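Shown below is the structure under consideration.
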Amino acid sequence: EAGVTQFPSHSVIEKGQTVTLRCDPISGHDNLYWYRRVMGKEIKFLLHFVKESKQDESGMPNNRFLAERTGGTYSTLKVQPAELEDSGVYFCASSQGDRTYEQYFGPGTRLTVT
Amino acid sequence: AQSVTQLGSHVSVSEGALVLLRCNYSSSVPPYLFWYVQYPNQGLQLLLKYTTGATLVKGINGFEAEFKKSETSFHLTKPSAHMSDAAEYFCAPPGSGSARQLTFGSGTQLTVLP
């Protein structure tokens with residue numbers, strides 16, 4: 001069984017540019033989560049999808065961040081325009097049905113905004 | 001809201017020595033508790049999980065943790081450290097939100113000395 005995959009693994013962009021991160025969850029997992037770890041800080045929850053619906057986006061920092069999950073499969077997280085403070089590692093996780101506390105994480109995308 | 005404290009951002013042990021990584025959760029008893037591990041250049045991997053029932057939980061790679069309600073603790077231990085255990089470890093209870101997102105401790109970087 002393939003795990004959670006994320007693309008790209010690293011991204012370096014300039015302030016003001018746009019970046020789109022992609023996450024492919026484990027097949028059959030309805031729940032998809034995005035988290036972020038800014039350097040030196042804790043891993044923080046960003047948002048949660050159930051299938052294609054956003055269930056909770058209370059952790060999204062501001063409206064420069066847009067997440068989508070078309071068709072309930074893969075998800076994208078777009079940052080537009082990127083700011084320096086957006087640098088960090090973005091993790092995606094997925095979980096299955098009623099076992100929603102046990103989440104499987106991808107390797108993360110390291111975003112550097114210069 | 002559930003929170004967790006990991007005492008010691010960096011822990012160093014000699015190979016073969018006992019590993020003890022500390023985690024204390026907030027006063028409300030969580031239904032679940034997790035330890036995740038992040039090896040260098042990899043994603044977060046579930047190490048072990050506590051659910052209601054047995055308070056001593058065994059995980060992968062020889063790790064175990066004991067849930068102590070009276071001490072609000074869920075410390076991670078391993079009798080004998082291996083070089084391959086060098087990684088960052090995160091204690092994670094579920095959050096209080098409907099998304100069942102995880103709330104992570106600040107992480108403990110474990111170094112194993114030869």
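Criterion first (assigned to a loop (DSSP other than H, G, I, E, B) and more than 14 Å from chain B (Cβ to nearest Cβ)) does A:G16 satisfy it? I'd like the intermediate steps shown before the answer.
Numbers: assigned to a loop (DSSP other than H, G, I, E, B): yes; more than 14 Å from chain B (Cβ to nearest Cβ): yes.
So A:G16 fits the description; yes.
Filter the range A:62-110 down to the residues that are in contact with a Gly (Cβ under 6 Å, 6 or more places away or on another chain) and part of a strand (DSSP E or B) and list them by number. I'd like the intermediate steps shown before the answer.
Of all residues in the range A:62-110, those in contact with a Gly (Cβ under 6 Å, 6 or more places away or on another chain) come to A:81, A:89, A:91-92, A:105-108.
Hits for the range A:62-110 are A:V89, A:F91, A:C92, A:F105.
Conditions (1) in contact (Cβ under 8 Å) with a residue 60 or more places away in the chain; (2) buried (at least 18 other Cβ atoms within 10 Å of the Cβ); (3) among the basic types (K, R); (4) closer than 29 Å to B:L33 by Cα, marked per residue:
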position: A:A67; (1), (2), (3), (4): no, yes, no, yes
position: A:L77; (1), (2), (3), (4): no, yes, no, yes
position: A:A93; (1), (2), (3), (4): yes, yes, no, yes
position: A:G97; (1), (2), (3), (4): yes, no, no, yes
position: A:P107; (1), (2), (3), (4): yes, yes, no, yes
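Taking the range B:8-60 only, how many residues are part of a loop (DSSP other than H, G, I, E, B), free of Cβ contacts under 8 Å to residues at least 40 places away in the same chain and closer than 24 Å to A:R36 by Cβ?
Total satisfying the criteria: 3.
Per-residue answers, yes or no, for (1) at pLDDT below 95; (2) of a type outside the set (S, T, Y); (3) touching a helix residue (DSSP H, G or I) at 6+ places or on another chain (Cβ under 7 Å):
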| residue | (1), (2), (3) |
| --- | --- |
| A:E1 | yes, yes, no |
| A:K15 | no, yes, yes |
| A:P25 | no, yes, no |
| A:G40 | yes, yes, no |
| A:V50 | yes, yes, no |
| A:D86 | no, yes, no |
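While we're on this one: Among B:E66, B:E88, which is acidic (D, E), at pLDDT 95 or above, surrounded by fewer than 21 Cβ atoms within 10 Å (Cβ to Cβ) and part of a strand (DSSP E or B)? It would help to see each step written out before you state the result.
Working: B:E66 fails: at pLDDT 95 or above.
Going through B:E66, B:E88 in turn, just one is acidic (D, E), at pLDDT 95 or above, surrounded by fewer than 21 Cβ atoms within 10 Å (Cβ to Cβ) and part of a strand (DSSP E or B): B:E88.
Which residues, taken from the range A:49-105, are aliphatic (A, V, I, L, M) and over 25 Å from A:G3 (Cα atoms)? Explain how you work it out, then say what you get.
Restricting attention to the range A:49-105, the residues satisfying the condition of being aliphatic (A, V, I, L, M) are A:50, A:60, A:66-67, A:77, A:79, A:82, A:84, A:89, A:93.
The answer is A:A82, A:L84.
Residue-wise test of (1) basic (K, R); (2) more than 13 Å from chain B (Cβ to nearest Cβ); (3) more than 19 Å from A:Q103 (Cα to Cα); (4) in contact with a Pro (Cβ under 6 Å, 6 or more places away or on another chain).
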position	(1), (2), (3), (4)
A:R37	yes, no, no, no
A:G40	no, no, yes, no
A:H48	no, no, no, no
A:Q55	no, no, no, no
A:N62	no, yes, yes, no
A:G71	no, yes, yes, no
A:Q80	no, yes, yes, no
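The values are calculated or read from the model by the stated rules, or taken from the named source; none is laboratory data. The structure presented is a predicted model; accordingly, all values stated were derived computationally and were not measured. Cβ: placed from backbone, ideal geometry, glycine included. Neighbour counts: every protein chain shown.
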